[in-house]
Amino acid sequence: MRLTVENVSVRVDGRDLVREISLEVAGGEVLGLAGPNGAGKSTLLRTLYRARRPTSGRVLLDGEDVWRTPPAWLARRLAAVLQESGGDFELTVYDVVAMGRTPHKRAFDGDDASDREIIADALNRLDVADLAYAPFDRLSGGEKQRVLIARALAQQPAVMVLDEPTNHLDLRHQLDALSLVRGLGVTSVIALHDLNLAAAFCDRICVMDAGRVVALGTPGEVLTPALLADVYRVDAEVAVHPETGIPQVTLRTGGRRDGPDLSPARSDRASPAPAQRAGP
């Protein structure tokens, strides 16, 4: 399912949080959304899953304006995993994951054999099957995050929107979760702070700053020392892994661009070129 963002802007209390963003995510593509805190990533994602109406512009799924479709239509096609846990549910882990089946059932319908199989598969794939009957509100932050990803998986969406899904996860579960999303073959937009994870698991990366898209392309095209200096204000090296061919970002010691250079003096270090910005 193709996801299209057409000239979307969001203005709140006189502040432009998102400014005239246009992009298209092809069916089955994984798009990483990166940028510093306050860049507008979460606000843009909220327009995709109908939590924040754009001030102007449209969000389309295969040509259908998501803000003009019935909520049930969107819920059967798009699943969202948010930064927040959504509250401390007084439910078991199984019940939380089972909520993912709700859009596919009529009111008051129980879980049939197919639902139970889908729920069990989601629990297993996110490594939370042994917590199935534990109270959700007693889980650690990382366990809650895996349960919420399992709920989205049980929803069987065509599009997934994930806002920093690796928050609170240990290294192994970060890799497992992103490998899972990547392997689903569904259209995905994932906000990530870890640029190395974005490079490893995303087809393209969209970098935002001050509410605008400043770069959009493959990881190799986007992740450059010049862009990292311009957008993140850090001094970084980007090298291609010799086996995977994936670019990897390494910060230099004392790399803040707006403060004193605490690294040893090097006469051979060249100043980074200005990053090429996308759009006006």
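The values are calculated or read from the model by the stated rules, or taken from the named source; none is laboratory data. Quick caveat, the model's predicted, so the values are computed rather than measured. Don't worry about glycine lacking a Cβ; one is built from the backbone with ideal geometry, like all the others, and counts go over all protein chains shown.
Observations on the model:
- Residues that are closer than 30 Å to Glu143 by Cα and touching a residue at least 12 places away in the same chain (Cβ under 8 Å) occur in segment 1-15; there is at least one.
- For segment 122-150, filtering for residues that are surrounded by fewer than 15 Cβ atoms within 10 Å (Cβ to Cβ) and either free of Cβ contacts under 8 Å to residues at least 24 places away in the same chain or part of a helix (DSSP H, G or I) (or both) leaves 5.
- Verdict on Val97 being over 19 Å from the mean Cα position of the chain (by Cα) and assigned to a helix (DSSP H, G or I): yes
- Scanning segment 17-53 for residues that are of a type outside the set (A, V, I, L, M), part of a strand (DSSP E or B) and either under 16 Å from the mean Cα position of the chain (by Cα) or surrounded by fewer than 16 Cβ atoms within 10 Å (Cβ to Cβ) (or both) yields Ser22, Glu24, Gly32.
- In segment 241-261, the residues that are surrounded by fewer than 12 Cβ atoms within 10 Å (Cβ to Cβ), at pLDDT 90 or above and not polar (S, T, N, Q): Pro242, Glu243, Gly245
- Residue list for segment 64-88, filter: without any contact (Cβ under 8 Å) to a residue 12 or more places away in the chain, assigned to a loop (DSSP other than H, G, I, E, B) and more than 16 Å from Val161 (Cβ to Cβ): Pro70, Gly87
- For the criterion of being at pLDDT 95 or above and under 24 Å from the mean Cα position of the chain (by Cα), Ala215 passes.
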